[in-house]
Amino acid sequence: MKFETYFRACSYAMVGGGVLALMLAGGVGPALALVFAGVLAISWRLETAGRQLSQRAGMFVVLAALPVFYLDWRLQTAAPDLAGRMLAGVAALAHFTLVLSSIKLCQVKADRDWLFLYLISFFQVLLAAGLSLSPVFLASLGLYVFCSLLAVVCFELRRARAAAPPSESRLLVANEPRRLWRRRARRPPEARLLWRLPAAALCLFALIAGLALPVFFLAPRAGDSAWAMAGGTASTGYVGFSDRVTLGELGRLNQSNQLVMRVRVEGPEAARRTSPRWRGVALDYFDGRRWYQSSNERRAVLPSENNLFPLGTTEDLNRLTTQTFFVEPVDTPVLFAAPRAVALQGALAYVRRDPQDGLSSRPHTQERVTYRVYSDTVEPPAERLRDDRRPYPQAATPNLRLPVGKYLLWPDTFDPRVAELAQRVVREAGATNRYDMARAVEAHLNANAHGGAYSYSLLMRASGPDPLADFLFNVRSGHCEYFSTAMAVMLRTLGVPTRVVNGFQSGEYNAAADAYVVRQADAHSWVEVYFPDSDAWVAFDPTPVAGRPAGTSGEGLSGQLRRYADALELFWIQYVVTYDRQGQQTLARTVRDGLRSYRSAMAGFLAGVRTRLPGWDGAAGGGGGLLGLFTSPLVAAPVALGLAGLLAWRVKKSGRWPRGRARRKGAAAA
């Protein structure tokens with residue numbers, strides 16, 4: 001292959017890499033990218049045949065394309081909202097870069113034209129970086145950097161080759177000593193050197209990555225991408241968490257496998273094994289068809305240092321479970337958390353808390369949100385709850401901020417059979433306290449799934465003026481909202497305060513990412529019962545497990561690959577998209593703990609060696625001083641690098657390995 005052909009191939013790969021990155025980021029569609037690939041093929045044929053446009057004709061076509069770009073800009077930026085106009089403007093700009101690249105490719109190119117093509121491709125990658133929050137961009141960026149390094153190296157070699165006088169190499173060889181001339185004569189031909197250029201570009205790529213990664217992880221982040229905040233990431237769609245929920249709304253979520261969030265849990269092992277639920281909104285007033293929040297009060301929580309929003313207290317810090325939420329763009333301001341949140345930490349504009357312990361912040365329909373929650377997930381023991389016979393408080397408490405009567409109301413137009421059913425269930429179970437009453441009603445609704453009394457279904461078959469009574473006595477089938485509503489209302493008829501909570505099940509655990517993957521199909525509803533002696537709301541789940549839907553990544557090889565892709569995307573979100581000072585501190589702690597573990601393991605290994613080798617203490621200076629010094633990573637690493645550099649210098653000086661050189665000398669003498 002000729003050098004000029006090789007140079008053109010590398011340059012075309014760089015230009016195509018910029019368009020590929022722009023397509024993967026959503027800046028241009030696949031159809032337009034395919035058209036540009038056709039332009040690349042046509043330009044290659046024209047350049048090979050010498051039928052390209054002249055410089056004058058190319059300039060004329062560029063000037064003719066300016067009105068077309070202006071018209072495209074005006075048409076694209078006609079969106080009513082600001083986010084839509086910004087994205088449309090970026091799309092028009094991407095179209096213009098494709099037009100400019102196509103014109104430059106099809107004309108006769110001087111060095112300045114190649115540089116212009118390189119700059120356009122670099123600008124396309126910058127556009128892609130502003131549009132994309134996906135790890136796919138990392139792959140396209142790596143490919144582009146490799147192709148650009150190769151193209152720039154070839155461009156510089158081409159310029160140096162053109163600038164050198166034709167006879168310079170021959171004069172240089174004639175005046176050199178004979179030994180040097182022989183060494184130059186043994187060099188490989190040009191074709192072999194061309195195939196070594198990718199290896200050189202790969203080494204440069206590794207060097208750049210090795211130098212850039214430490215700077216990337218140490219440098220602070222100024223903020224989120226403006227384009228991404230304006231609409232670079234689309235909302236996941238309907239989520240439906242608000243202070244007014246109609247029976248049946250959560251059923252629509254259970255029919256979708258759309259990703260909502262990922263949750264990484266740290267804390268006591270017992271808490272991690274219990275499949276925690278992610279609490280969203282709690283509702284206290286039921287009118288027969290809809291649940292409401294009777295109070296519109298929202299109390300602002302003021303942050304302390306490090307964006308920490310205090311929410312409560314705990315008896316023991318060892319009981320805290322830490323959850324890190326990576327929430328996709330969703331159409332709800334709700335902040336999800338495990339029950340009994342003590343504190344929340346995150347770069348949020350504000351945090352508000354309602355009387356039902358629900359948390360909310362600014363809506364994020366066009367951007368991901370990352371925050372950390374510390375929750376005391378330990379519930380009071382069953383024995384203490386059974387012994388709780390204290391009267392309900394008349395004044396507000398830390399966990400009961402509304403009058404207790406709010407949690408004992410049921411609709412005026414109410415079927416009396418519901419209260420009769422609750423009394424019969426409790427009487428048959430022999431329950432004499434609030435806790436056993438709650439367990440009896442819970443068991444009546446979900447334990448009968450095997451006997452056919454009640455079953456889980458996403459079909460909304462309960463209807464009429466009283467859908468709850470229709471569910472309990474006629475249909476006997478429904479999804480989680482009907483079960484939680486039935487339990488909450490039945491307990492209220494028995495004088496037990498309750499509220500309904502809407503949120504998500506724990507989701508699918510991804511071992512590759514060490515996180516729960518929560519989808520819309522994991523949406524769930526359950527009941528919280530108030531116990532005055534503990535001043536605690538305790539969760540009960542009356543929905544049958546059998547038939548309950550759950551989000552999943554799939555089975556087999558495709559499911560496993562999808563889980564690995566989720567793990568890669570979670571790493572990208574945590575350490576690239578939302579990486580901040582808190583992430584830097586976490587990474588520093590991880591590195592420090594790793595070094596401590598390495599030093600402990602090395603100390604244990606040396607202690608074992610010391611017991612097996614006689615005379616070790618004397619050689620090591622009593623405390624492992626001399627040998628311990630050379631086995632220290634701070635000393636061993638520079639020594640190893642020095643030995644490697646010395647060996648490389650020896651090979652470069654001799655031109656071959658010493659053993660091979662001696663063998664060839666012996667063969668020549670023979």
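The values are calculated or read from the model by the stated rules, or taken from the named source; none is laboratory data. From a predicted model like this one, the values you see are computed outputs, not experimental measurements. Here the Cβ is made from the backbone with ideal geometry for all residues, glycine too, and neighbour counts use every protein chain on show. For the accessible areas, the whole protein counts, side chains as well, though only heavy atoms, and no ligand, DNA or RNA atoms are used. Shrake-Rupley method; radii C 1.70, N 1.55, O 1.52, S 1.80 Å.
Okay, here's what the table says:
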| item | result |
| --- | --- |
| Leading residue by the ranking (least open to solvent (accessible area, probe 1.4 Å)) among those in segment 301-317 that are part of a loop (DSSP other than H, G, I, E, B) and not charged (D, E, K, R) | LEU311 |
| Close pairs from segment 133-144: first within 18 Å of TYR564 (Cβ to Cβ), partner assigned to a loop (DSSP other than H, G, I, E, B), Cβ under 9 Å, at least 6 apart | SER134/ALA25; SER134/THR233; VAL136/ALA25; PHE137/ALA25 |
| Total residues in segment 117-157, condition more than 29 Å from the chain's Cα centre (by Cα) and either modelled with pLDDT under 85 or surrounded by fewer than 17 Cβ atoms within 10 Å (Cβ to Cβ) (or both) | 3 |
| Every residue from segment 420-435 that is hydrophobic (A, V, I, L, M, F, W, C) and part of a helix (DSSP H, G or I) | LEU421, ALA422, VAL425, VAL426, ALA429 |
| Those residues of segment 417-431 which are at negative phi and open to solvent by less than 80 Å² (accessible area, probe 1.4 Å), in sequence order | VAL418, ALA419, LEU421, ALA422, VAL425, VAL426, ALA429, ALA431 |
| Filter result (open to solvent by less than 50 Å² (accessible area, probe 1.4 Å) and without any contact (Cβ under 8 Å) to a residue 60 or more places away in the chain) within segment 20-36 | GLY29, ALA33 |
| Search result, residues across segment 491-518 that are closer than 16 Å to PRO549 by Cα, among the hydroxyl-bearing types (Ser, Thr, Tyr) and either out of contact with any Asp or Glu (no Cβ under 9 Å at 6 or more places or on another chain) or open to solvent by less than 10 Å² (accessible area, probe 1.4 Å) (or both) | TYR509 |
| Members of segment 250-278 found to be over 17 Å from ARG372 (Cβ atoms), open to solvent by 40 Å² or more (accessible area, probe 1.4 Å) and either at pLDDT 75 or above or not in a loop (DSSP other than H, G, I, E, B) (or both), listed by number | ARG252, ASN257, GLN258, GLU269, ALA270, ARG273, SER275, ARG277 |
| Any hit, segment 629-639, residues being farther than 30 Å from ARG264 by Cα, modelled with pLDDT under 70, out of contact with any helix residue (DSSP H, G or I) (no Cβ under 6 Å at 6 or more places or on another chain) and among the hydroxyl-bearing types (Ser, Thr, Tyr) | yes |
| Residue match in segment 396-404 (condition: in contact (Cβ under 8 Å) with a residue 24 or more places away in the chain, farther than 17 Å from SER525 by Cα, out of contact with any Pro (no Cβ under 9 Å at 6 or more places or on another chain) and surrounded by 15 or more Cβ atoms within 10 Å (Cβ to Cβ)) | yes |
| Among the candidates ALA488, ALA521, ALA469, residue that is part of a helix (DSSP H, G or I), open to solvent by less than 10 Å² (accessible area, probe 1.4 Å) and under 30 Å from ALA567 (Cα atoms) | ALA521 |
| Condition check for LEU385: within 34 Å of the chain's Cα centre (by Cα), outside any loop (DSSP other than H, G, I, E, B) and surrounded by 16 or more Cβ atoms within 10 Å (Cβ to Cβ) | no |
| Restricting segment 526-552 to residues that are touching an Asp or Glu at 6+ places or on another chain (Cβ under 6 Å) and more than 22 Å from ARG262 (Cβ to Cβ), the residue that is surrounded by the most Cβ atoms within 10 Å (Cβ to Cβ) | PRO542 |
| ASP412, sole failed condition from (1) closer than 25 Å to HIS524 by Cα; (2) of a type outside the set (Val, Ile, Thr); (3) open to solvent by 10 Å² or more (accessible area, probe 1.4 Å) | (1) |
| Leading residue by the ranking (modelled with the lowest pLDDT) among those in segment 363-382 that are among the hydroxyl-bearing types (Ser, Thr, Tyr) and open to solvent by 30 Å² or more (accessible area, probe 1.4 Å) | THR365 |
| Those residues of segment 282-300 which are among the aliphatic types (A, V, I, L, M) and either open to solvent by 10 Å² or more (accessible area, probe 1.4 Å) or in contact with a Ser or Thr (Cβ under 6 Å, 6 or more places away or on another chain) (or both), in sequence order | ALA300 |
| Sole exception among (1) assigned to a helix (DSSP H, G or I); (2) closer than 24 Å to LEU131 by Cβ; (3) small (Gly, Ala, Ser) for GLY27, by number | (1) |
| Set ARG353, ARG390: member being under 21 Å from SER534 (Cβ atoms), touching a residue at least 24 places away in the same chain (Cβ under 8 Å) and surrounded by fewer than 17 Cβ atoms within 10 Å (Cβ to Cβ) | ARG390 |
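Yes/no matrix, rows are residues, columns are (1) at pLDDT 75 or above; (2) open to solvent by less than 40 Å² (accessible area, probe 1.4 Å); (3) more than 12 Å from the chain's Cα centre (by Cα):
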site	(1), (2), (3)
LEU557	yes, no, yes
GLN560	yes, no, yes
ALA565	yes, no, no
ARG581	no, no, yes
ASP593	no, no, yes
SER600	yes, no, yes
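Yes/no per residue for (1) among the acidic types (Asp, Glu); (2) touching a Lys or Arg at 6+ places or on another chain (Cβ under 9 Å); (3) at pLDDT below 95; (4) not in a helix (DSSP H, G or I):
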residue: ALA395; (1), (2), (3), (4): no, no, yes, yes
residue: GLY405; (1), (2), (3), (4): no, no, yes, no
residue: ASP412; (1), (2), (3), (4): yes, no, yes, yes
residue: VAL418; (1), (2), (3), (4): no, no, yes, no
residue: MET437; (1), (2), (3), (4): no, no, no, no
residue: ALA443; (1), (2), (3), (4): no, no, yes, no
residue: ALA447; (1), (2), (3), (4): no, no, yes, no
residue: GLY451; (1), (2), (3), (4): no, no, yes, yes
residue: LEU459; (1), (2), (3), (4): no, no, yes, yes
